[in-house]
Amino acid sequence: MSLLGRAVARGCRQMYQSPALHGMTALALALTTFLAGAFGLFLFNLDHALYQHRGNAQFQIYWKPGADMAQVRQQWEALRALDGVKECVVFTPEEALEGLKRDLGPGQDTLWLERGAGGAPALPATALVTLALAGEDLERPQAFLERVKALPGVDTVRMSPMQIDVAQALRRLSVTALIPLSLSLSLVIAMVAYFSARLCLEGRRAEVEIMRLVGAVEWYVRLPWAVSAGLTGLLGGLAGLAALRVLQAGLASALYEAPLWIRLAPLPLEEAAAMGFMALVMSALGGWLAARE
């Protein structure tokens, strides 16, 4: 085995010989990565939501109870095909009733909602349409509103005029505030990884002095400490990211239900890889510097 290979193998043996010391360091880094990743997950989804709704207008469309569903479905398809329509989420009266039952909870009397006058469904067919806007274009949503109101069977159409201004203001906030916060998270992970590795190995400096006394070259003395610290940091970072992924998967299905309909996307692979890489590099650097003269 080459000199480099023996140094790497010795670094791995150091982890095996002191599992509690390296385990506590990995646990501390896993907790830091998890908390920073959870905050980063919130920032990513907030920024994604603001970006998706930037320059958009949402319309809530309610048809009259008892409207011909064949005609309503044709209108839904026509709405989806209109220029500028990004999303069209629709609900039949039966789907609306099931959603209302879930919101009310078990044990509530909903028989009076199932059928209205003349045996027609009591709840109307509904649609939530998202219309993309270009810049400060305010004529498009008004024209779309009038067009939808003129559809046969449509009862009510709702749109918030302030939604466009609020979305644009929040988007500016995401650029000026969320980016510095993301950089701060990266700095926190780097600092914790560095100091955790140094504290983990500082108490074993006697081994470093013995290696120097027997004439070992400097890089051969330091490399095992960098390897053991780097692997510890990598394992801790991966453990924290794995716990965050489990949490996100559990919350995603719970949040994407009526009345919230919140999409909780996982942390992007690039950002997760950057966090793991940062934990590896900064831990290895802490181990390398911990073995200095």
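The values are calculated or read from the model by the stated rules, or taken from the named source; none is laboratory data. Every value quoted in this text rests on a predicted model; they were computed, and no experiment measured them. Please note: Cβ atoms are built from the backbone with ideal geometry, for glycine as well, and neighbour counts cover all protein chains shown.
If E98 satisfies every condition in (1) at pLDDT below 75; (2) in a helix (DSSP H, G or I); (3) more than 30 Å from A284 (Cβ to Cβ) but one, which is the exception?
(1)
Restricting attention to the stretch 187-229, report how many residues are charged (D, E, K, R) and at pLDDT 75 or above.
Number of matching residues: 1.
Show the residue pairs that are 6+ apart or on different chains and have beta-carbon atoms under 8 Å apart, the first residue being within the stretch 128-150 and at pLDDT 75 or above, the second being assigned to a helix (DSSP H, G or I) and basic (K, R).
L131/R140
For the stretch 256-293, which positions are of a type in the set (V, I, T) and at pLDDT 85 or above?
V281, the sole residue that qualifies.
Does any residue of the stretch 274-286 turn out to be assigned to a helix (DSSP H, G or I) and under 13 Å from the mean Cα position of the chain (by Cα)?
Within the stretch 274-286 (the criterion being assigned to a helix (DSSP H, G or I) and under 13 Å from the mean Cα position of the chain (by Cα)), the answer is no, since none of the residues qualifies.
Only one residue in L238, L267 is within 21 Å of S18 (Cα to Cα), in the same structural domain as L27 (by TED's automatic domain parsing) and surrounded by 15 or more Cβ atoms within 10 Å (Cβ to Cβ). Which one?
Checking each option against the conditions leaves just L238.
Modelled with pLDDT under 75 and over 30 Å from M282 (Cβ atoms), is that true of R172?
yes
Within the stretch 19-48, how many residues are free of Cβ contacts under 8 Å to residues at least 24 places away in the same chain and among the small types (G, A, S)?
Result for the stretch 19-48: 2.
What number of residues in the stretch 44-85 are at pLDDT below 85, surrounded by 14 or more Cβ atoms within 10 Å (Cβ to Cβ) and among the charged types (D, E, K, R)?
Adding up the residues that qualify gives 2.
Condition check: out of contact with any strand residue (DSSP E or B) (no Cβ under 7 Å at 6 or more places or on another chain) and in contact (Cβ under 8 Å) with a residue 40 or more places away in the chain. Does L234 satisfy that?
Against the criterion (out of contact with any strand residue (DSSP E or B) (no Cβ under 7 Å at 6 or more places or on another chain) and in contact (Cβ under 8 Å) with a residue 40 or more places away in the chain), L234 qualifies.
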